[in-house]
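Structure first, commentary second.
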Amino acid sequence: MTEMVKSITTLFQERFNKQPLVVAAPGRVNLIGEHTDYNQGFVLPGAVDKRIYLGVAENHSNTINLYAKQYNESFSFTLDDIKPVKGWQTYILGVSFYLIQSGATIRGVDVVIDGDIPVGGGMSSSAALCSAFGYAVNKIFDNGLSAMQLALIGQKTENHFAEVQCGIMDQFASLHGKAGNVMKLDCSNLEYEYIPFDFPEYKIVLVNTMVSHTLASTEYNTRRLQCEEGVAIMREILGPDILSLRNISIEQLEANKNKLSETVYRRCAFILHENQRLLRGCELLRGHDLKGFGELMHGSHEGLSKWYEVSCPELDFLQSKARNFKGVAGSRMMGGGFGGCTINIIPAAIIDDFSSYITETYETQFKKTPEIYITQLSDGAGVIEQ
Ligand code: GLA
């Protein structure tokens, strides 16, 4: 039993006087395909070995009692009075709300929450929290919801209880992860396939800027609206079948460029190229061409920074230092942007040198120490056997 599971079990026994079921749901990385999910495009995430852990047991009432160890905060609510709040509690409220709405059984439970996903690090701790709670309730009350149904409940929670108009990538990854694999998800129909990340000499390394600019969620929602504006204009031109950027080719966009504002054009162009990069990237991974894949990651970063404009000086700095570091296969910003982490594919043999170099140069430039995580592609949400 890991330290985390031991401590959550002990804490649960102390607070609630019984034995919990312990479940965990992971954070995610995304190799390529950013901001494409809410545009019905493709993403390529994998679950990682950083997780939210929950100790959960039924309490035979109508009340959910929560204790979050990391914040040392408690919160209780009854299932007939659910409203969004500010803070981590809203994710549990939202999942409970949408479980009820979907017709699932949910009764009172006691919950202890802990985890090792850095909050604000862009690895989606909030999606992991939703996934873990949805998974636990599904298990305890034997609801038989699929992992995809739970992911959609998590996404609705994020959309309506946290007011971030996110796509499905994070919740999907947290619930469907498979050790050693990434997942190519088509967000237009939710079909997915596993692709082995089979490069034993390489590691996926995240470098955390340790900043999370306050713009993040408002700018995120703005990007979504700008893409929707592009789709609406292209629908006027091309006809009613145009429902998302997925229905538009690069050629069609270029031919109608002058009908869109410069900003909307650039947002749409980025998404179309990012989908192309992802499709090519999957072929390269299958063909074991990591160098070629790395080039696509650099193209993705360039696009996110200059065309989609969701990067920030800290991310641009880390990416440019990493991509020029000898031996690094690829580097780019990851996730929503405006802070969080870069994702880097690096030979295990040079990680120590890379880490010292990055830490030193970043400290000099930004007077902050970046955290560096060497990740392992892992399984999705599940029960931890004790
Ligand atoms: C956040 C969102 C995801 C996705 C990424 C950007 O992580 O939660 O749905 O849009 O940003 O790719």
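The values are calculated or read from the model by the stated rules, or taken from the named source; none is laboratory data. Values in this document were obtained by computation on a predicted structure and should not be read as measured data. We place every Cβ from the backbone using ideal geometry, glycine too, and count neighbours over all the protein chains shown. With ligands, DNA and RNA removed, areas are computed over all heavy atoms of the protein, side chains included. Shrake-Rupley method; radii C 1.70, N 1.55, O 1.52, S 1.80 Å.
By accessible area, using a 1.4 Å probe on protein heavy atoms only, the chain has 48% of its surface on carbon and sulfur. Binning the C-alpha pair distances of the range 237-327 at 10 Å intervals from 0 yields a P(r) profile of 15, 38, 32, 14, 2 %, listed from the shortest bin outward. Place a point 7 Å from Cα of E371 in the direction of its Cβ. Which residues in the range 113-148 have their backbone N less than 16 Å from it? 114-129, by backbone N distance to the label point.
Taking all protein chains together and a probe of 1.4 Å, list D198, D80, D49 from the most accessible to the least accessible. Present the calculation step by step, with values, prior to reporting the outcome.
Numbers: D198 85, D80 120, D49 50 Å².
Order by accessible area, largest first: D80, D198, D49.
3J(HN,Hα) couplings calculated from phi for the range 89-100 with the Karplus curve 6.51 cos²θ - 1.76 cosθ + 1.60 (θ = phi - 60°) are, in sequence order, 4, 4, 5, 6, 4, x, 4, 4, 4, 6, 5, 4 Hz; Gly and Pro show x.
Using the alpha carbons alone, the radius of gyration of the range 97-174 stands to its Kirkwood radius in an Rg to Rh ratio of 0.95.
Mean separation of Cα pairs under 8 Å and 6 or more residues apart, divided by the residue count, gives the range 68-181 a relative contact order of 29 percent.
Reducing the range 132-182 and the range 6-22 to their Cα centroids gives an inter-centroid distance of 24 Å.
Choose one of A216, N159, L206: the residue whose Cα lies farthest towards the positive end of the charge dipole of the range 119-247 (beta-carbon charges +1 Lys, Arg; -1 Asp, Glu; about the Cα centre). Of the candidates, L206 comes out farthest on the positive side.
For the chain, the normalised intensity computed at q = 0.10 Å⁻¹ comes to -0.65 (log10 of I(q)/I(0), Debye sum over alpha carbons, equal scatterers, no solvent).
Straight-distance candidates among the lysines for linking to K156, with alpha-carbon spacing under 19 Å and chain neighbours fewer than 8 residues away dropped: K83, K86. Residue-wise HN-Hα couplings along the range 303-310, as the Karplus relation 6.51 cos²θ - 1.76 cosθ + 1.60 with θ = phi - 60° gives them from phi, are x, 5, 7, 9, 9, 8, 6, 10 Hz; Gly and Pro carry x.
Taking each of K257/K306; K6/K368; K18/K178; K50/K203; K291/K367; K203/K368 in turn, the alpha-carbon distance tops 22 angstrom for K6/K368; K18/K178; K291/K367; K203/K368. Percent of Cα pairs in the range 322-386 per distance bin of 5 Å, from zero to the largest separation: 3, 14, 20, 24, 16, 8, 7, 5, 2, 0.
Which aspartates and glutamates have a Cα lying under 17 Å from the Cα of K69, excluding residues fewer than 8 positions away in the same chain? List returned: E3, E14, D110, D114, D116.
Treat every Asp and Glu Cβ in the range 58-115 as -1 and every Lys and Arg Cβ as +1, leave all other atoms uncharged, and give the resulting dipole magnitude about the Cα centre to the nearest 20 debye. Please report the intermediate quantities before stating the final value.
Working: 4 positive and 6 negative charges, 31 e Å.
Its charge dipole is roughly 140 debye.
For the chain, the relative contact order works out to 23 percent when only alpha carbon pairs closer than 8 Å and six or more residues apart are counted. The protection proxy used here, the mean number of other Cβ atoms lying within 10 Å of each residue, ranks peptides 230-238, 349-357, 162-170 as follows, highest first: 162-170, 230-238, 349-357. From helices alone, the chain scores -13500 deg cm²/dmol at 222 nm; the rule is -39500 (n - 2.57) for each run of n ≥ 4 DSSP H residues, then divide by the residue total.
Dipole magnitude for the chain: computed about the Cα centre from +1 point charges on Lys and Arg Cβ and -1 point charges on Asp and Glu Cβ, it is near 180 debye. Note: relative contact order over the range 1-97, using C-alpha pairs below 8 Å and six or more positions apart, is 20 percent. Where the centroid of each part is defined by its Cα atoms, how far is the range 58-89 from the range 248-269 in Å? The two parts, judged by their Cα centres, are 46 Å apart. Here the dipole of the range 231-342 is about 240 debye; that uses its Cα centre as origin and unit charges on the Cβ of Lys and Arg (positive) and Asp and Glu (negative). Using Cα-only point scatterers and the Debye equation, what is log10 of I(q)/I(0) for the range 225-379 at each q in 0.11, 0.14, 0.17 Å⁻¹, rounded to two decimals? Rounded to two decimals, the profile gives -0.53, -0.78, -1.00.
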